[in-house]
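Contents: one structure, followed by commentary.
Coordinate-derived values only; no laboratory data. This structure is a prediction, so every number in the text was calculated from the model and none was measured. All Cβ positions, glycine included, derive from the backbone under ideal geometry; neighbour counts span all protein chains shown.
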Amino acid sequence: MNTNLVVAPLGATYTPRLICTTGDRLIHPADGRNDLARIVVRWARAWVPETWPARQYFAALGIGDDENPCYTDEDVAGWHLLQPRPDSLAWRVRSGEIDVTTALTAEAEAWPQ
């Protein structure tokens, strides 16, 4: 793994300086382990709502598009990293199956700028 890239441990507070890959999930810091929590998931180079409460939260703030909601790194700064779903790219990185450089390369090929 490239030692210049940092993958934060689960539970860490998200900042745009941390490396997240597709499938990483964040929970609002006030929600803890609530089943109706505000949770977003990393998709391409944005965050999208995984739960209805997350979508409602951003709608109330006037952030995002009703038809295709997605949020920037700054919109979710301070949220906490959750365990990614099994078989997601993020899960493969965090389980050690692939390194973060490989994951970022796969993302760059899937979603070129």
Quiz item: So what's the gap between the Cα centers of region 80-112 and region 19-67, to the nearest angstrom?
Solution: 18
Self-check item: Charge dipole magnitude, Cβ of K and R +1, D and E -1 - the chain, Cα centre, debye nearest 20
Solution: 320
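Run the numbers for A30 and W111: contour at 0.36 nm per residue of separation, minus the present Cα-Cα distance, in nm.
Working: separation 81, 0.36 × 81 = 29.16 nm, distance 3.20 nm.
Full extension of this stretch gives 26.0 nm more.
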Quiz item: So what's the angle, to the nearest 10 degrees on a 0 to 90 scale, between helix 100-110 and the longest Cα principal axis of the chain?
Solution: 70
Self-check item: Within a Gaussian network of the chain (alpha carbon springs, distance under 10 Å), most fluctuating of E67, E50, E97
Solution: E67
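Calculate for the chain the 222 nm mean residue ellipticity that helices alone would give, adding -39,500 (n - 2.57) per DSSP H run of length 4 or more and normalising by residue count, nearest 500 deg cm²/dmol. Show your work: numbers first, answer last.
Details: 3 runs with 27 residues, N = 113.
Roughly -6500 deg cm²/dmol at 222 nm, from the helical runs in the chain.
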